[in-house]
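This is the structure I want to talk about, given as structure tokens.
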Amino acid sequence: MKVLLQGGCVVTADSEQDADVLIDGERIAAIAPGLDDAAVDRVIDARGCYVLPGGVDPHTHLDMPWGDTSTCDDFTSGTTAAVCGGTTTIVDFCVQRPGQRIADALEEWHAKLERTPPLADVGFHIAVTDLGVPHAEADLAAAVAAGVTSFKLFMAYKGSLMVDDETLFRTMRLAADHGALVLVHAENGGVVEVLVGEALARGHVEPRWHGLTRPPAVEAEATARAIALAAIAGCDLYVVHVSCAESLAPVAAARSAGTRVWGETCPQYLLVDESALDAPGFEGAKAVFTPPPRAPEQQQHLWRALAADELSVVSTDHCPYTFAEQKALGRGDFSRIPNGAPGIEHRLALMHEFGVRGGRFDRSRLVALLATNPAKLFGLYPRKGTLAPGSDADVVIFDPDVEHVCSVAGHHSNVDYCLYEGTPVRGMPRTVLLRGTVVVEDGEPLRRAGHGQFAPRSSVRWP
Ligand code: URP
Ligand code: ZN
Ligand code: ZN
């Protein structure tokens, strides 16, 4: 099947040009002005629109267990929301339960993909929680060979996901040996544990205490420690969800020293501030994510860092829990509110509105932050993350003039609230193709669950 995307403005991380895009099967065949439409099966009118590479979101949590519950999007609902928002590839976390063989954890996550077929392509990181299990090193090496080329370590969430420095460092060594990228959730989990215990002992139970017990210094200390340990281990390091100037500083310093360290932030740190935790009633629970929303003045540092390449990626950390039932588990004790917020569907529209329209960066930088850089860092480039002959035909036709209001009404996630409720944006994905197949038309998903597939990744990281 040949498809021609006609008359749009093709935007990549390094250029913009008025051109047609010819798709042959699953791949892009040609990009040039005035391509012949005689021998194609379908012409899609892209006039007045931007033609962008499909987004790559390297930080999502679909069907992820948390205590006695799990995030409320499975791979079908979560990736339906993703493609509607212009994201055609996600990299999600396969989480090893302590005591579980790493190979078994991966098998479990592949079974989830089978049970709930995705609309987007899906890669996995492996979240290591226990290196003391049998065959840990061999299983990690096999995971890399099978396309799971990044290892995640949580330096917080004591008693569940958190690893000690020995496990962190040993995993970093293994990553260096096998060419994997190390991701860290950088917060000092021991200090958080003490601060949370003290707050609860004083009767402080409201959502706002989630923020007060995780101050920026807790994140900054762990970020600097992870960077120091990665340098000793000789591995590449990616710091997830940088939320404040204090943790940005060590990332920026490492990068300007030429170290192989990268950082991401997420829309919630750019657009939601700590006042959201003070919302009346129990509404603040909607903004209980970790690290917590920060003081409003932090946001300008993150925007500047995105433009200056101190931060390389905007991911979503989509981690949805329903307000009515799941967030409610923490009424009367903020430490029991499941941590996480939804956002998988809103990344492109929000970053276009507040990044590009807001004058903080241009469209090519938008493409770099949402598609090209994550594809390069996570071993998907040039198959994903760009528009070029030979690349997968993962394409977003983005209409910059559509007016839309972010809302739970009409979004495609299972979650029962929208973190950006009532936020107006101008510009939305109109048509989305995954490997040459239209998966979103006029902003709505074509329910072809199963078109997405597991995306094995290489351990090549582009500069
Ligand atoms: O609150 C968050 N971010 N929940 C998801 C797990 C994590 O820390 O990324
Ligand atoms: Zn995290
Ligand atoms: Zn996360």
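In the list Asp309, Asp317, which residue meets the criterion of being open to solvent by 50 Å² or more (accessible area, probe 1.4 Å), on the phi > 0 side of the Ramachandran plot and under 19 Å from the mean Cα position of the chain (by Cα)?
Working: Asp317 fails: open to solvent by 50 Å² or more (accessible area, probe 1.4 Å).
It is Asp309.
Let me ask you something else. Under the condition of being open to solvent by less than 50 Å² (accessible area, probe 1.4 Å) and of a type in the set (D, E, K, R), which residue from segment 178-218 is farthest from Val133 (Cα to Cα)?
Arg214
How many of the residues making up segment 113-132 are more than 17 Å from Arg101 (Cβ to Cβ) and open to solvent by 10 Å² or more (accessible area, probe 1.4 Å)?
Going through segment 113-132 one residue at a time, the tally reaches 5.
Considering (1) under 26 Å from Pro338 (Cβ atoms); (2) open to solvent by 30 Å² or more (accessible area, probe 1.4 Å), say which one Gln96 fails and leave the rest.
Condition not satisfied by Gln96: (2).
Can you work out which of the residues in segment 173-196 that are closer than 15 Å to Met162 by Cβ and among the small types (Gly, Ala, Ser) is farthest from ligand 1 (Cβ to nearest atom)?
Ranking the candidates gives Gly190 first.
Now for a different question. Do the conditions hold for Glu246, that is, is it farther than 23 Å from Thr316 by Cβ, modelled with pLDDT of 95 or more and either within 16 Å of ligand 1 (Cβ to nearest atom) or among the acidic types (Asp, Glu) (or both)?
On the way: farther than 23 Å from Thr316 by Cβ: no; modelled with pLDDT of 95 or more: yes; either within 16 Å of ligand 1 (Cβ to nearest atom) or among the acidic types (Asp, Glu) (or both): yes.
When the stated conditions are applied, Glu246 does not pass them.
Before we move on, is Gly355 part of a loop (DSSP other than H, G, I, E, B) and surrounded by 21 or more Cβ atoms within 10 Å (Cβ to Cβ)?
Numbers: part of a loop (DSSP other than H, G, I, E, B): no; surrounded by 21 or more Cβ atoms within 10 Å (Cβ to Cβ): yes.
Taking the combined requirement at face value, the residue does not satisfy it.
I need the full set of residues from segment 143-166 which are of a type in the set (D, E, K, R) and in contact (Cβ under 8 Å) with a residue 40 or more places away in the chain, in order please.
At the first step, the residues of segment 143-166 found to be of a type in the set (D, E, K, R) are 152, 158, 164-166.
Scanning segment 143-166 gives Lys152, Asp165.
Which ranges mark the strands (runs of 3 or more DSSP E) fully within segment 366-456 that have 3 or more residues being out of contact with any Phe, Trp or Tyr (no Cβ under 8 Å at 6 or more places or on another chain) and crowded, with 23+ Cβ neighbours inside 10 Å?
424-434
Here's the yes/no breakdown for (1) touching a Leu at 6+ places or on another chain (Cβ under 6 Å); (2) surrounded by fewer than 20 Cβ atoms within 10 Å (Cβ to Cβ):
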| site | (1), (2) |
| --- | --- |
| Pro134 | no, yes |
| Ala141 | no, yes |
| Ala146 | no, yes |
| Thr149 | no, no |
| Lys152 | yes, no |
| Ala156 | no, no |
| Glu166 | no, yes |
| Arg170 | yes, yes |
| Ala176 | no, yes |
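Name the residue that is nearest to Asn373 (Cα to Cα), counting only residues in segment 13-37 that are among the charged types (D, E, K, R) and loosely packed, with under 12 Cβ neighbours inside 10 Å.
Filtering first and then ranking leaves Asp14.
Just checking, which of Val40, Val83, Val51, Val10 is buried (at least 17 other Cβ atoms within 10 Å of the Cβ) and in a loop (DSSP other than H, G, I, E, B)?
Of the residues listed, the single one that is buried (at least 17 other Cβ atoms within 10 Å of the Cβ) and in a loop (DSSP other than H, G, I, E, B) is Val40.
The values are calculated or read from the model by the stated rules, or taken from the named source; none is laboratory data. All of these numbers come straight from a predicted model, not from anything done at the bench. Reconstructed Cβ throughout: ideal geometry from the backbone, glycine too, with neighbour counts over all protein chains shown. Heads up: the accessible areas ignore ligands, DNA and RNA and are worked out on the full protein's heavy atoms, side chains in. Shrake-Rupley method; radii C 1.70, N 1.55, O 1.52, S 1.80 Å.
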